[in-house]
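Visitor: Here it is, the structure in full.
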Amino acid sequence: MWRRIKSSQAFAVFTAPLSIKNPVSVLVLGICSSLAVTIQLKTAVVMVLAMTVVLTFSNGILSSLRKIIPKNIRIIVELIVIASLVIVADQCLKAFMFDVSKQLSVFVGLIITNCIIMGRAEAFALANNPWLSVWDGLGNGLGYGIILIVVGAIRELGGAGTLWGISVMPEAVYDMGYVNMGLMVYAPAAFIVIGLMAWLQRTIISDMRKGS
Amino acid sequence: MKKPERITIKKVFDVRFKGEPSPECRVLPVSPRIGVSLANLPSIKPKLVVAESDTVVQGQALFYDKTNPHVYVHAPVSGTVHRLVYGPRRQLQCIEIATNSALPPLAFERLLTPPTSAADTKSALLERGLWAYWRQLPFNTIPRPQDTPPAIVVQLANPEPFHPRLSAVLPRVANDITAGLRILQTLCPTIIVVADANESINLDDWSDMAQVVRVDADFNHCSPGAAIYHLKDSDTYNHAWYCDWQFLVKIAQTFATGVYANQSYITLSGYSDTADAHYQVTDGMDLTTVAPPIAKRMVWGGLFSGIAAAESFFLPVGIDAVSWVDTTETVSLMPFLALGAAKPSFTRAYLGHFLKPFTPPSTALGGSYRDCVSCGHCETVCPVHLMPQSLLRQVNADDTDTAIRYGLLDCTQCGVCTYVCPAKIDLSAQFTATKDRLYNEVNA
Amino acid sequence: MKFLYRRLQALAPLFEKGGRFERLYPLYEAVVTIHFGSSDTTRGRVQVRDALDTKRFMILVIIALIPVTLFGIYNVGYQFYAAIGEPASFGSMVMKGLTVFMPILLTSYAVGGFWEVLFAVVRKHEINEGFLVTGLLFPLTLPPTIPLWQVALGISFGIVIGKEVFGGTGKNFLNPALTARAFVYFSYPAYLSGEVWTAVSSSASRLVGYTSATPLGVAAATAQPQAVTDALSEAGYTVMHCMIGLIPGSIGETSVLLCLVGAAILIVTGVASWRTMVGSVLGVVVTATVLNGLVSDTTIPFLGMSPLWHLVVGSFAFGAVFMATDPVSSPDLKPSKWVYGFGIGVLTVLIRVVNPAYPEGVMLAILLMNVFAPLMDYSVAEYRVRKRIPNGL
Amino acid sequence: MASNRSLVFAFGMCVVCGFGLTLAATVLKPHQLRNQRVDQQRNILKVLGVTDPNQSYSADAIDDYYQQSVQKRYVNDQGQVSDQVSDRPIYLLVQNNTLRAYAIPISGAGLWSTLYGYLSLEADGETLRGITFYQHGETPGLGAEIDAAWFQSNFVGKKIVDANGTFTSVGVVRGAVVDSISPDQRMHYVDGISGATVTSRGVDTLLKTDLQRYEAFAKRLRRKERVI
């Protein structure tokens, strides 16, 4: 069973964005939101969820419609679908996760301009069947998510000594003179952390290529 | 072409070395065996016309250049081809000839007046095997006989230290130089004679035959390439031809006597106090007859652009200076803390800069290989206003187009940028390699 | 000495290709060349080489830093005893200074050296001596109150992000020591832009009711327009004080006089560019003069600080002499060095005066101009290339 | 015709999406409004000291607490409390029909941003009970320390009037109060944030202006007048 899953096309489509085709650290897409929402783990996770949902649905919907969308207005159609999904996601967050949506502020709305969504719609959904497109959307959402969650965790731990709002840095460490790292709260810290991750990942990828 | 009487290329590079050969000029007899070594004919692809144990006479063709089929190199002496020496990839390196002075030299037509047309001069030079002695900018290759030179630069002073000084032999060669200039005049109206402003030679005899320029330059900067760079007013002169005074002497004598002139003037330096002097020698002579091997590095050509000689002791074609450079390793604790009063240094980092001691040249690298730290010294010393550090970046990035735009082809390969680099980067070698590659691509 | 040299040479096969400790070759190379220099000989056509190498280059910077370092150590002790209000002998001041400074310096060298060696081993290149300078410059820019773990983090950031990410010394475009300081500055602002600059625990200083603000702190906090100089003299600062440097501040930055001594050493030996230094002084003078002309009752009082004061307070002298002239991160070409230096001067004053948050602007000014250095070089190079007679194929 | 088909398709998409969005907005609106309200209530309860800042409360609990004990009213120029809407809202903590404390909104310029928060005072009209900021963009580690517990608890118990009953507000000093203020004045000052001079000064100024706006009301309290 596992072997069959592993050799399926959907599996390949799903896993590629998690590592060697990662949208953030390899393709360098979706950087703006990665800088803005990774101060805390919680906002990062919520953003990832919103993003993954929007991406999966938009990929699915656009892929199902791919044969009837007139070519000359396809970008507009993509935008309409994505924008509607984003607004719905934003409204839901405001209704059910008010605290987080306040911190995410405009960035949920800005999912619409996230390069990953338009990129996947153009590059994948319009050329593949809905089944694969949904897996591609999920994979890219999670690939984006891995980076965001790691960056969010590092920044929250460094900048506030907490994870998911819960203090994890022992009080004794603070008593010994430790201070939270203010730099982590600034957007440049996300640049640096993402840069380091991209560096690490590319080194590993190139080592893998050399090895194989 | 600009017409100044004197140009100044002062780039604050005035390092001094011990070992200047004495101006005394000694004459050496023909050695029992001589060798025609190709070490200084970089662009030539030789095709032999003689075989081992053939008998050859002075002035007889030995091989020609496959890319330039009319360009032959002739035997400097009569004798028997003793041995052909091949290097890696079956490349001909040297033709050894056992001298037999009983055989008469090949007799050419005596030309007591210069030929009347450029074509006549060219064919006379080609026929007498004298073409391989001059070079063309910017790749320092042997020019193609069918081309017309935009200008010819005649070098009266070699920029490198320890090369033959014209002043040491002037009485013997003055007339030949005048005759040589007459011959060159038939090839091209623009002849530029470049002399060292610091050497006292009377140039008046030649000033109505050619544009005479005295170059007041720092160490190693008075080269034909640098002179052309400072004199040119349009890009047509980029492909000027050049030669040194020894070439003029050679063609003048060969034309006048009808016998292939096989004498050159060379210097030995760094060998011993008694041996370091000027010599009149036969081309291709065996140096072991005057200077048996010692524990120093023997260098053909100058200290900045010479070739470390390996096994062969035969004077290569076109080489006029032989230096021996000290290779002994001196051990001192934390050398970088020294005041360095005795260290030759272009920079002010050592006291030697201010005291200006004469030091024996040494092969010590003086440091370890590092990345460029952008100190800018190379830019300070470049005689043709290049920005070597930018150029190096483009060369490393394989951006040859930009490198050319930044003046790569103006590089005279003087080696001074390499000399001053504290990170010990061989800039000059990289530029030379890029130029060579470029030349091969263009002429492929 | 010869004996030691022979012993080291005998060990070489262990570290060369195929040897047991092949991976540690950079370490071996560093040990040998630090003690005896390189024994390499020239290859290629240039048979002789200049005696100058990067080791000498970097050592000269360190020598130029010795005066400010020694004075910094003394000043740390001096400020300590001044703050607790006890008279003390010269010896005890130096002792106190050493106990504060040496741990910072050793941390910086140990941690910085660790990263340098690690990258050299992984990337199989030689250890660059540039870190010897970075490791000393960084502590000198820190206040004596800095906790050691922040020093360690800072130098790690400076070496790894400021330098090794880009491929090591020579390829970095930011000054690593300043990158390290910028990291500490933005991460732990309370330690670097706070008001406590003297190595005294706060309880001890409260005992005698004495806190000391840096001259820049005093100037930035002036409430009255056109009264900066009055405020400074009220706080006990004169230009002479700032020149000599027995004032609170970062360890190495306080003495303008000794920075000038360092500048003299660097300029005489040709290691640093006088163009950059003069350019930055000009930048400060011009900008401060212009701003002085704009002063009115409604402007920020800090605008009124005179050019002379701008030159002597804060870390301007230290930055312009030792940081801005770092050859790797500053521009290569001489005209761009002028522009670069001038830009540093202008930005220093603007950041000090116009920006309400940071009373000191030298660090940010230099880092910002570092970023623009390649652009300046590019412009100058293009200008020059256009004037050349083309030499194409 | 292709363009005709495009037009029809585009129109259809718009209708479908527009319908979906309208539906979502209508269904979710009440939830969103309640969220906004509870968020404000949470901050007011926090500054009034009704809720424990170290504990988390559900939206319902907050709503309950608020409805039970807090009344939103307005202060007029004479310092009287009424339901007449003015630009001076006031949140009164009333238990057993007596005024325990009250909260006022505060805002003013910091270094990089405008600071928004609430300040609460005891029913005596002169003692600070608490302060909180719910929105600002100050430097982390410096200005953002206005969120820190040490800074906010600094204010508790400070007096806004001097011994003669004259309004003085509460000042934020540079450094520590004990270093620069004589002991008899210390009840009017709080410790500043080291290194964040501009933000500290901003808090100082906004306290002065906002307390001044409610001074008429506070005066009545100090005169022990009945206000509700």
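Visitor: Take segment C:172-196 and flag every residue that is within 14 Å of chain B (Cβ to nearest Cβ) and open to solvent by 20 Å² or more (accessible area, probe 1.4 Å).
Guide: Passing the criteria: C:173, C:174.
Visitor: Tell me the residue from B:340, B:366 that is facing chain C (nearest Cβ under 10 Å), open to solvent by less than 20 Å² (accessible area, probe 1.4 Å) and either modelled with pLDDT of 90 or more or under 16 Å from residue C:56 (Cβ atoms) (or both), please.
Guide: B:340
Visitor: What do you reckon, is residue B:260 open to solvent by 10 Å² or more (accessible area, probe 1.4 Å) and aromatic (Phe, Trp, Tyr)?
Guide: No.
Visitor: Filter segment C:138-154 down to residues that are in a helix (DSSP H, G or I) and open to solvent by less than 10 Å² (accessible area, probe 1.4 Å) and give me whichever is farthest from the other protein chains (Cβ to nearest Cβ).
Guide: Among residues in segment C:138-154 that are in a helix (DSSP H, G or I) and open to solvent by less than 10 Å² (accessible area, probe 1.4 Å), the one farthest from the other protein chains (Cβ to nearest Cβ) is C:140.
Visitor: Hey, another quick one. Please identify the pairs in which a residue from segment A:71-86 that is more than 7 Å from every other protein chain (Cβ to nearest Cβ) has its Cβ atom under 7 Å from the Cβ atom of a residue that is surrounded by fewer than 21 Cβ atoms within 10 Å (Cβ to Cβ) and modelled with pLDDT of 90 or more, counting only partners at least 6 apart or on another chain.
Guide: A:85/A:57
Visitor: Another question, if that's okay. Hey, could you check segment D:90-148 for residues that are closer than 19 Å to residue D:67 by Cα, of a type in the set (Val, Ile, Thr) and open to solvent by 10 Å² or more (accessible area, probe 1.4 Å) and say which is farthest from the other protein chains (Cβ to nearest Cβ)?
Guide: The residue in question is D:98.
Visitor: When only residues in segment B:19-48 that are under 19 Å from residue B:415 (Cα atoms) and within 14 Å of chain C (Cβ to nearest Cβ) count, which is least open to solvent (accessible area, probe 1.4 Å)?
Guide: The residue in question is B:40.
Visitor: Still on this model: Identify, by number, the condition in (1) over 21 Å from residue C:230 (Cβ atoms); (2) open to solvent by 30 Å² or more (accessible area, probe 1.4 Å) that residue C:259 doesn't meet.
Guide: Looking at each condition in turn, residue C:259 falls short on (2).
Visitor: Among the residues of segment A:71-115, how many are at pLDDT below 85, in a helix (DSSP H, G or I) and under 18 Å from residue A:136 (Cβ atoms)?
Guide: Final tally of qualifying residues: 2.
Visitor: Please state which one of D:184, D:162 is surrounded by fewer than 18 Cβ atoms within 10 Å (Cβ to Cβ), at pLDDT below 85 and more than 25 Å from residue C:184 (Cα to Cα).
Guide: D:184
Conditions (1) part of a helix (DSSP H, G or I); (2) more than 29 Å from residue B:420 (Cα to Cα); (3) open to solvent by 20 Å² or more (accessible area, probe 1.4 Å), marked per residue:
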site: B:221; (1), (2), (3): no, no, no
site: B:255; (1), (2), (3): yes, yes, no
site: B:266; (1), (2), (3): no, no, no
site: B:281; (1), (2), (3): no, yes, no
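Visitor: What pairs come out if I take residues in segment C:35-55 that are over 21 Å from residue B:338 (Cα atoms) and pair them with residues that are aromatic (Phe, Trp, Tyr) and in a loop (DSSP other than H, G, I, E, B) whose C-beta lies under 7 Å away, six or more apart or interchain?
Guide: Within 7 Å, the pairs are C:46/B:304.
Visitor: Just checking: which of the helices (runs of 4 or more DSSP H) contained wholly in segment C:194-262 hold 3 or more residues that are modelled with pLDDT of 65 or more?
Guide: Fully inside segment C:194-262 and qualifying: C:215-220, C:228-234, C:239-244.
Visitor: For segment B:389-444, which residues satisfy the criterion of being within 19 Å of residue C:384 (Cα to Cα), within 9 Å of chain C (Cβ to nearest Cβ) and surrounded by fewer than 16 Cβ atoms within 10 Å (Cβ to Cβ)?
Guide: Hits for segment B:389-444: nothing passes.
Visitor: List pairs: first residue in segment B:10-29 and in the same structural domain as residue B:219 (by TED's automatic domain parsing), second residue assigned to a loop (DSSP other than H, G, I, E, B) and open to solvent by 90 Å² or more (accessible area, probe 1.4 Å) anywhere in the structure, Cβ distance under 7 angstrom, at least six positions apart or on different chains.
Guide: B:16/B:358; B:17/B:358; B:18/B:358
Visitor: Filtering segment D:68-79 down to residues that are outside any strand (DSSP E or B) and free of Cβ contacts under 8 Å to residues at least 24 places away in the same chain, which residue is least open to solvent (accessible area, probe 1.4 Å)?
Guide: Only one residue tops the list, namely D:76.
Visitor: Could you list, in sequence order, all residues of segment B:320-352 that are in contact with a Pro (Cβ under 8 Å, 6 or more places away or on another chain) and closer than 30 Å to residue B:290 by Cβ?
Guide: Those that are in contact with a Pro (Cβ under 8 Å, 6 or more places away or on another chain) and closer than 30 Å to residue B:290 by Cβ: B:320, B:321, B:323, B:325, B:326, B:344.
Visitor: Pairs under 6 Å by beta carbon, first residue closer than 13 Å to residue A:85 by Cα and facing another protein chain (nearest Cβ under 8 Å) in segment D:18-31, partner surrounded by 15 or more Cβ atoms within 10 Å (Cβ to Cβ) and acidic (Asp, Glu), six or more apart or different chains?
Guide: Short answer, once both residue conditions are applied: none.
Visitor: How many residues, within segment C:155-171, are part of a loop (DSSP other than H, G, I, E, B), under 15 Å from residue C:137 (Cβ atoms) and open to solvent by less than 10 Å² (accessible area, probe 1.4 Å)?
Guide: Going through segment C:155-171 one residue at a time, the tally reaches 2.
Visitor: Suppose we filter B:316, B:360 for residues that are touching a residue at least 24 places away in the same chain (Cβ under 8 Å), open to solvent by 20 Å² or more (accessible area, probe 1.4 Å) and either more than 7 Å from every other protein chain (Cβ to nearest Cβ) or touching a His at 6+ places or on another chain (Cβ under 6 Å) (or both); which single one remains?
Guide: After ruling out the rest, the residue left standing is B:360.
Visitor: More than 11 Å from chain D (Cβ to nearest Cβ) and within 18 Å of the chain's Cα centre (by Cα): which single residue out of A:168, A:193, A:173 fits that description?
Guide: Unique residue meeting the criteria: A:193.
Visitor: Given the structure, is residue C:4 at the interface with chain B (Cβ under 9 Å from one of its Cβ atoms) and loosely packed, with under 14 Cβ neighbours inside 10 Å?
Guide: yes
Visitor: Let me confirm something: among C:312, C:290, C:286, C:268, which residue is within 14 Å of chain B (Cβ to nearest Cβ) and over 23 Å from residue B:389 (Cβ atoms)?
Guide: After ruling out the rest, the residue left standing is C:268.
Visitor: Please list, ordered by residue number, the helices (runs of 4 or more DSSP H) wholly in segment D:158-228 having 1 or more residues that are of a type in the set (A, V, I, L, M) and in contact (Cβ under 8 Å) with a residue 60 or more places away in the chain.
Guide: Answer list for segment D:158-228: D:197-213, D:215-222.
Visitor: For segment B:54-74, which residues satisfy the criterion of being without any contact (Cβ under 8 Å) to a residue 40 or more places away in the chain and in a loop (DSSP other than H, G, I, E, B)?
Guide: Hits for segment B:54-74 are B:54, B:66.
Visitor: Name the pairs: first residue in segment C:114-130 and away from every other protein chain (no Cβ under 13 Å), second residue modelled with pLDDT of 85 or more and open to solvent by less than 10 Å² (accessible area, probe 1.4 Å), Cβ to Cβ under 6 Å, at least 6 apart or on different chains?
Guide: Cβ pairs passing all conditions: C:115/C:159.
Visitor: Please work out which one of (1) open to solvent by 50 Å² or more (accessible area, probe 1.4 Å); (2) in a helix (DSSP H, G or I) is the condition residue C:64 fails and give its number.
Guide: Here residue C:64 meets the rest and fails (1).
Visitor: Check residue A:68 against each of (1) of a type outside the set (S, T, N, Q); (2) assigned to a helix (DSSP H, G or I); (3) over 30 Å from residue A:186 (Cβ atoms) and name the one condition it does not meet.
Guide: Status for residue A:68: all satisfied but (2).
The values are calculated or read from the model by the stated rules, or taken from the named source; none is laboratory data. Please read these numbers as outputs of a predicted model, since none were measured by experiment. Counting neighbours? That spans all protein chains shown, and the Cβs are built from the backbone with ideal geometry, glycine included. All accessible areas refer to the heavy atoms of the entire protein, side chains included, with ligands and DNA or RNA removed. Shrake-Rupley method; radii C 1.70, N 1.55, O 1.52, S 1.80 Å.
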